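Presented below is the structure to which this report refers.
Nothing in this text is a laboratory measurement; each read-out follows from the coordinates by a stated rule. Since we're looking at a predicted model, the values are computed, not measured. Neighbour counts run over all protein chains shown; Cβ positions are idealised from the backbone, glycine included.
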Amino acid sequence: MSAPASGGVVVGVSPTTGSPQALRWAAGEARLRAAPLRAVMAWRPPRPPAVAGTRPPAGLTQAGTDAAAEAEQALREFVAQALGADSLTPPAAGGVHCEVVRGSAVTALLTSARDAQLLVIGEPRAGRVSNVRTTLVAPQVMLRANCPVVAMPRAVGTA
């Protein structure tokens, strides 16, 4: 993975939905601003087995590396599905910079958008909006980001 581009438009990509609406909108906004586009997805390593008095399995450190590689591959696939395979050209050639960040979605987005012109986050999942809790990503990011934040609306016709 290359070094992150500074500034530009950062878009959060959900590991469950791929955030296609947010990716497309952010790509259009990056073109309007003549700014680089960075797609960011958070990942966490698998949890070790919880057996008292035993050591974690020997392969556990490798599992974290595998999880990061799997997250990066998933992110690249989400970007290609939403924006087309040509969007995966090197960022210097106008492609999307794909960045996977270990940790929570909130921390990953806030860290990646520290120097951004704009942060775009995906639409809420059905059923989650009516049950607003502090664990939701959007409210936390909107309150703590150093740049403007655009939260995509729920798609028309979804619950």
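Could you please rank Ser87, Ser112, Ser19, Ser104, placing first whichever residue has the fewest other Cβ atoms within 10 Å of its Cβ?
Values: Ser87 19, Ser112 22, Ser19 25, Ser104 14.
Least crowded to most crowded, the residues run Ser104, Ser87, Ser112, Ser19.
Taking neighbour Cβ counts within 10 Å as the exposure measure, how do Val150, Val40 sort from fewest upward?
Val150, Val40
Apply the Karplus curve 6.51 cos²θ - 1.76 cosθ + 1.60, θ = phi - 60°, to the phi angles in region 100-113 and return the couplings in whole Hz, x for Gly and Pro.
9, 10, 6, x, 6, 4, 4, 4, 4, 5, 5, 5, 5, 9
Based on the inverse mean of 1/r over its pairs of different Cα atoms, what is the Kirkwood hydrodynamic radius of region 65-113, in Å? Can you show the working numbers first?
Details: mean 1/r = 0.0857 Å⁻¹.
Answer for region 65-113: a Kirkwood hydrodynamic radius of 11.7 Å.
Can you give me the long-range amide H partners of Leu118? Hydrogens built in the peptide plane at 1.01 Å from N, cutoff under 5 Å, separation of 5 or more residues or another chain.
The list, which skips near neighbours in sequence, is Val10.
Take Thr65, Thr16 and order them by how many other Cβ atoms sit within 10 Å, fewest up front.
Thr16, Thr65
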